[in-house]
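A.B. asks: Would you mind keeping the following structure in view while I ask a few things?
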Amino acid sequence: MSNEGSGEDLQIRFRHSSGTDIGPFSFEDGNTVQSVKSVVFARWPTDGPLAKECPSSAADLRLLCSGQFLDNGKTLKDYRKLMGSTEPLAIVTMHVLVRPPQAGKAADKADADSGKPAKSGCACVIC
């Protein structure tokens, strides 16, 4: 990380709903949430319990801090108050969720072609 600019280092670990942690990783508070998601995606575990729920892209990840979903366009500095103590050596814990896979359009098209009624529904995940 560069010492230029006013960015401060934050240590952030990401806790999955299974209780498994990823990280901690070091970020500057000027990093956007989208860039943080890209780092988490790039370092997603390939073995262990999280390998079963591997996201297909960084866009499949949702980050939560103090019960609030983080907006991709905002920076970590924008969420500083939600993080609580960010003193040196403090590690901030954020929750990471993987969006469930969406039903493929090919399956919907096949149902439409077969004359079956369209399937509708929704899913809610509360952690």
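The values are calculated or read from the model by the stated rules, or taken from the named source; none is laboratory data. Since the structure is predicted, the reported quantities are computational estimates derived from the model, not experimental observations. Cβ atoms come from the backbone with ideal geometry, glycine included; neighbour counts cover every protein chain shown.
A.B. asks: Quick check on Gly67: is it out of contact with any strand residue (DSSP E or B) (no Cβ under 7 Å at 6 or more places or on another chain) and closer than 15 Å to Ser18 by Cα?
C.D. replies: Here the answer is no, as Gly67 does not meet what is asked.
A.B. asks: Further question on the same structure: Which of the residues that make up the stretch 72-107 are touching a Lys or Arg at 6+ places or on another chain (Cβ under 7 Å) and modelled with pLDDT under 80?
C.D. replies: The one that is touching a Lys or Arg at 6+ places or on another chain (Cβ under 7 Å) and modelled with pLDDT under 80: Thr86.
A.B. asks: Same structure, new question: Restricting attention to the stretch 15-36, and to residues there that are over 18 Å from Leu70 (Cα atoms) and polar (S, T, N, Q), which single residue is modelled with the highest pLDDT?
C.D. replies: That would be Thr20.
A.B. asks: Give the residues of the stretch 43-61 that are part of a helix (DSSP H, G or I) and in contact (Cβ under 8 Å) with a residue 12 or more places away in the chain, sorted by residue number.
C.D. replies: Pro49, Leu50, Glu53, Ala58, Ala59, Asp60, listed by residue number.
A.B. asks: So, one more: In the stretch 62-90, what residues are in a loop (DSSP other than H, G, I, E, B), aliphatic (A, V, I, L, M) and touching a residue at least 40 places away in the same chain (Cβ under 8 Å)?
C.D. replies: Those that are in a loop (DSSP other than H, G, I, E, B), aliphatic (A, V, I, L, M) and touching a residue at least 40 places away in the same chain (Cβ under 8 Å): Leu89, Ala90.
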